[in-house]
Amino acid sequence: MAMLADDLGQNLELLDTFLMSDQLPDEALMLSELDGFLTGLALGPEPIMPSEWLPIVWGGDEPVFNDLTEAQTVMQALMSRYNEILRRLEVEELDPVFLQGPDGETIAGDWAEGFLLAVHLREEAWGKLAASDTDGHLMLPILALCCTDDGEPLVELPKAIEEELFANIGEILPTCVLKIAAFWKGDRVQPQRRSAAKAGRNDLCPCGSGRKFKKCCAN
(Lines give C-alpha, C1' and ligand atoms only; values in the text may rest on other atoms or scores of the structure.)
Protein backbone atom coordinates (compact mmCIF):
# COMPACT_ATOMS: atom_id res chain seq x y z
CA MET A 1 0.00 0.00 0.00
CA ALA A 2 1.47 3.33 -1.05
CA MET A 3 1.18 6.86 0.27
CA LEU A 4 -1.22 9.03 -1.67
CA ALA A 5 1.40 11.71 -2.28
CA ASP A 6 4.00 10.74 -4.87
CA ASP A 7 6.60 12.93 -3.15
CA LEU A 8 6.30 13.03 0.63
CA GLY A 9 9.24 15.36 1.03
CA GLN A 10 12.46 14.64 2.86
CA ASN A 11 11.10 14.99 6.41
CA LEU A 12 8.13 12.69 5.86
CA GLU A 13 10.24 10.15 3.99
CA LEU A 14 12.66 10.11 6.91
CA LEU A 15 9.85 9.66 9.43
CA ASP A 16 8.25 6.92 7.36
CA THR A 17 11.52 4.99 7.23
CA PHE A 18 12.17 5.34 10.95
CA LEU A 19 8.62 4.43 12.01
CA MET A 20 8.76 1.24 9.92
CA SER A 21 12.15 0.22 11.28
CA ASP A 22 12.80 -2.32 14.05
CA GLN A 23 13.98 0.50 16.31
CA LEU A 24 10.41 0.90 17.57
CA PRO A 25 7.82 -1.52 18.99
CA ASP A 26 5.04 -2.79 16.74
CA GLU A 27 2.60 -0.44 18.47
CA ALA A 28 4.40 2.68 17.18
CA LEU A 29 2.33 4.89 14.90
CA MET A 30 2.83 4.58 11.16
CA LEU A 31 3.12 7.71 9.04
CA SER A 32 -0.52 8.22 8.05
CA GLU A 33 -1.69 7.49 11.59
CA LEU A 34 0.97 9.86 12.95
CA ASP A 35 -0.21 12.60 10.59
CA GLY A 36 -3.79 12.29 11.82
CA PHE A 37 -2.55 12.27 15.42
CA LEU A 38 -0.50 15.45 14.95
CA THR A 39 -3.46 17.14 13.26
CA GLY A 40 -5.74 16.30 16.18
CA LEU A 41 -3.15 17.67 18.58
CA ALA A 42 -2.65 20.85 16.56
CA LEU A 43 -6.32 21.84 16.30
CA GLY A 44 -7.72 20.42 19.54
CA PRO A 45 -9.29 22.45 22.36
CA GLU A 46 -6.23 22.33 24.62
CA PRO A 47 -2.49 22.42 23.93
CA ILE A 48 -0.73 19.20 24.86
CA MET A 49 2.97 19.03 25.63
CA PRO A 50 5.19 16.67 23.59
CA SER A 51 6.24 14.90 26.79
CA GLU A 52 2.66 13.60 27.02
CA TRP A 53 2.07 12.62 23.40
CA LEU A 54 5.50 11.42 22.26
CA PRO A 55 5.20 8.07 24.10
CA ILE A 56 2.08 7.38 22.02
CA VAL A 57 4.03 8.05 18.82
CA TRP A 58 6.73 5.62 19.90
CA GLY A 59 4.27 2.86 20.81
CA GLY A 60 4.51 3.18 24.57
CA ASP A 61 8.22 2.47 24.72
CA GLU A 62 11.37 4.47 24.07
CA PRO A 63 12.76 4.44 20.52
CA VAL A 64 16.26 3.17 19.93
CA PHE A 65 18.30 5.79 18.13
CA ASN A 66 21.62 4.75 16.66
CA ASP A 67 23.24 7.97 17.84
CA LEU A 68 22.53 11.54 18.87
CA THR A 69 22.51 12.73 15.26
CA GLU A 70 19.74 10.31 14.33
CA ALA A 71 17.74 11.28 17.44
CA GLN A 72 17.93 14.94 16.54
CA THR A 73 17.18 14.35 12.87
CA VAL A 74 14.08 12.27 13.60
CA MET A 75 12.79 14.71 16.22
CA GLN A 76 13.39 17.67 13.92
CA ALA A 77 11.45 15.92 11.15
CA LEU A 78 8.60 15.15 13.56
CA MET A 79 8.37 18.70 14.88
CA SER A 80 8.71 20.09 11.37
CA ARG A 81 5.59 18.19 10.32
CA TYR A 82 3.73 19.35 13.43
CA ASN A 83 4.65 22.96 12.70
CA GLU A 84 3.68 22.55 9.04
CA ILE A 85 0.22 21.37 10.12
CA LEU A 86 -0.10 24.42 12.40
CA ARG A 87 0.84 26.73 9.53
CA ARG A 88 -1.66 25.12 7.18
CA LEU A 89 -4.45 25.32 9.73
CA GLU A 90 -3.77 29.04 10.13
CA VAL A 91 -4.50 29.57 6.43
CA GLU A 92 -7.32 26.99 6.40
CA GLU A 93 -5.50 24.39 4.33
CA LEU A 94 -4.91 20.73 4.98
CA ASP A 95 -2.52 18.33 3.28
CA PRO A 96 -3.15 15.01 5.03
CA VAL A 97 -0.98 11.97 4.45
CA PHE A 98 -3.47 9.34 3.32
CA LEU A 99 -2.75 5.87 1.98
CA GLN A 100 -3.50 4.78 -1.54
CA GLY A 101 -5.00 1.40 -2.34
CA PRO A 102 -4.01 -0.87 -5.23
CA ASP A 103 -6.69 0.63 -7.49
CA GLY A 104 -5.73 4.21 -6.67
CA GLU A 105 -8.45 4.68 -4.05
CA THR A 106 -7.85 6.94 -1.06
CA ILE A 107 -7.64 5.09 2.25
CA ALA A 108 -7.99 7.37 5.28
CA GLY A 109 -8.74 4.88 8.06
CA ASP A 110 -5.25 5.03 9.57
CA TRP A 111 -5.29 8.83 9.50
CA ALA A 112 -8.68 8.91 11.24
CA GLU A 113 -7.51 6.43 13.88
CA GLY A 114 -4.56 8.70 14.62
CA PHE A 115 -6.80 11.75 14.89
CA LEU A 116 -9.03 9.89 17.35
CA LEU A 117 -5.99 9.06 19.51
CA ALA A 118 -5.47 12.80 19.97
CA VAL A 119 -9.14 13.26 20.85
CA HIS A 120 -8.89 10.57 23.53
CA LEU A 121 -6.13 12.52 25.28
CA ARG A 122 -8.67 15.25 26.10
CA GLU A 123 -12.03 13.51 25.78
CA GLU A 124 -13.78 15.74 28.30
CA ALA A 125 -12.72 18.91 26.48
CA TRP A 126 -13.73 17.47 23.11
CA GLY A 127 -17.18 16.79 24.57
CA LYS A 128 -18.20 20.37 23.77
CA LEU A 129 -18.00 19.58 20.06
CA ALA A 130 -19.90 16.33 20.45
CA ALA A 131 -22.66 18.18 22.32
CA SER A 132 -22.98 20.94 19.73
CA ASP A 133 -26.29 20.95 17.89
CA THR A 134 -24.77 22.71 14.89
CA ASP A 135 -21.30 21.14 14.64
CA GLY A 136 -21.44 17.82 16.49
CA HIS A 137 -21.88 15.99 13.18
CA LEU A 138 -18.41 17.05 12.01
CA MET A 139 -16.79 14.11 13.81
CA LEU A 140 -19.03 11.61 12.01
CA PRO A 141 -16.76 10.94 8.99
CA ILE A 142 -13.78 10.37 11.29
CA LEU A 143 -15.70 8.02 13.58
CA ALA A 144 -17.11 6.15 10.58
CA LEU A 145 -13.57 5.36 9.45
CA CYS A 146 -12.53 3.97 12.85
CA CYS A 147 -13.13 0.53 14.32
CA THR A 148 -13.39 -1.08 17.74
CA ASP A 149 -10.80 -3.57 18.96
CA ASP A 150 -13.02 -6.26 17.48
CA GLY A 151 -12.89 -4.66 14.04
CA GLU A 152 -16.46 -3.35 14.15
CA PRO A 153 -17.10 0.22 12.90
CA LEU A 154 -17.58 2.80 15.65
CA VAL A 155 -20.50 4.28 13.73
CA GLU A 156 -22.96 2.42 11.54
CA LEU A 157 -24.06 4.43 8.50
CA PRO A 158 -26.72 3.65 5.92
CA LYS A 159 -25.15 1.78 3.01
CA ALA A 160 -25.62 4.57 0.46
CA ILE A 161 -24.09 7.20 2.76
CA GLU A 162 -21.20 4.91 3.65
CA GLU A 163 -20.42 4.28 -0.03
CA GLU A 164 -20.51 8.01 -0.79
CA LEU A 165 -18.23 8.74 2.17
CA PHE A 166 -15.61 6.21 1.18
CA ALA A 167 -15.77 7.21 -2.49
CA ASN A 168 -15.17 10.89 -1.67
CA ILE A 169 -13.21 10.68 1.57
CA GLY A 170 -10.25 12.58 0.13
CA GLU A 171 -12.43 15.68 -0.16
CA ILE A 172 -14.92 15.12 2.67
CA LEU A 173 -12.45 14.46 5.49
CA PRO A 174 -10.23 17.57 5.05
CA THR A 175 -13.34 19.76 4.79
CA CYS A 176 -14.74 18.37 8.05
CA VAL A 177 -11.40 18.70 9.83
CA LEU A 178 -11.05 22.36 8.82
CA LYS A 179 -14.56 23.01 10.13
CA ILE A 180 -13.59 21.30 13.40
CA ALA A 181 -10.57 23.60 13.61
CA ALA A 182 -12.85 26.60 13.07
CA PHE A 183 -15.14 25.37 15.86
CA TRP A 184 -12.27 25.39 18.36
CA LYS A 185 -10.62 28.56 17.08
CA GLY A 186 -12.31 30.92 19.51
CA ASP A 187 -11.72 28.74 22.58
CA ARG A 188 -8.33 27.24 21.88
CA VAL A 189 -5.10 28.53 23.37
CA GLN A 190 -2.91 28.61 20.29
CA PRO A 191 -0.17 25.98 20.53
CA GLN A 192 3.35 27.25 20.01
CA ARG A 193 5.43 25.95 17.18
CA ARG A 194 8.19 23.81 18.54
CA SER A 195 11.61 22.79 17.41
CA ALA A 196 13.74 19.85 18.42
CA ALA A 197 16.55 21.42 20.40
CA LYS A 198 20.01 19.98 20.03
CA ALA A 199 20.81 17.65 22.91
CA GLY A 200 24.11 16.91 24.55
CA ARG A 201 24.78 13.75 26.51
CA ASN A 202 23.69 15.45 29.73
CA ASP A 203 20.56 17.02 28.22
CA LEU A 204 17.07 15.50 28.26
CA CYS A 205 16.65 12.82 25.63
CA PRO A 206 14.75 13.90 22.49
CA CYS A 207 12.57 10.79 22.72
CA GLY A 208 10.53 12.38 25.50
CA SER A 209 11.39 9.90 28.26
CA GLY A 210 12.41 12.67 30.65
CA ARG A 211 15.82 11.08 31.24
CA LYS A 212 19.23 12.33 30.22
CA PHE A 213 20.27 11.32 26.73
CA LYS A 214 23.38 9.48 27.98
CA LYS A 215 21.20 7.25 30.20
CA CYS A 216 18.52 6.73 27.56
CA CYS A 217 18.85 6.51 23.78
CA ALA A 218 22.62 7.05 23.82
CA ASN A 219 23.07 3.58 25.32
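The values are calculated or read from the model by the stated rules, or taken from the named source; none is laboratory data. What you see is a predicted model; the values in this text were computed from it and never measured. Cβ atoms come from the backbone with ideal geometry, glycine included; neighbour counts cover every protein chain shown.
State whether one or more residues within the stretch 105-119 are out of contact with any helix residue (DSSP H, G or I) (no Cβ under 6 Å at 6 or more places or on another chain) and modelled with pLDDT of 95 or more.
Checked against the condition, which is being out of contact with any helix residue (DSSP H, G or I) (no Cβ under 6 Å at 6 or more places or on another chain) and modelled with pLDDT of 95 or more, the stretch 105-119 yields at least one hit.
Here are some conditions: (1) buried (at least 18 other Cβ atoms within 10 Å of the Cβ); (2) at pLDDT 95 or above; (3) charged (D, E, K, R). Arg122 meets all but one. Which one does it not meet?
Failing condition for Arg122: (1).
Run Ala112 past the list (1) surrounded by 18 or more Cβ atoms within 10 Å (Cβ to Cβ); (2) outside any helix (DSSP H, G or I); (3) among the aliphatic types (A, V, I, L, M) and report the number of the one that doesn't hold.
(2)
Consider the stretch 47-90. How many of its residues are acidic (Asp, Glu) and either under 19 Å from Ala112 (Cα atoms) or in contact with a strand residue (DSSP E or B) (Cβ under 7 Å, 6 or more places away or on another chain) (or both)?
Within the stretch 47-90, residues that are acidic (Asp, Glu) and either under 19 Å from Ala112 (Cα atoms) or in contact with a strand residue (DSSP E or B) (Cβ under 7 Å, 6 or more places away or on another chain) (or both) number 1.
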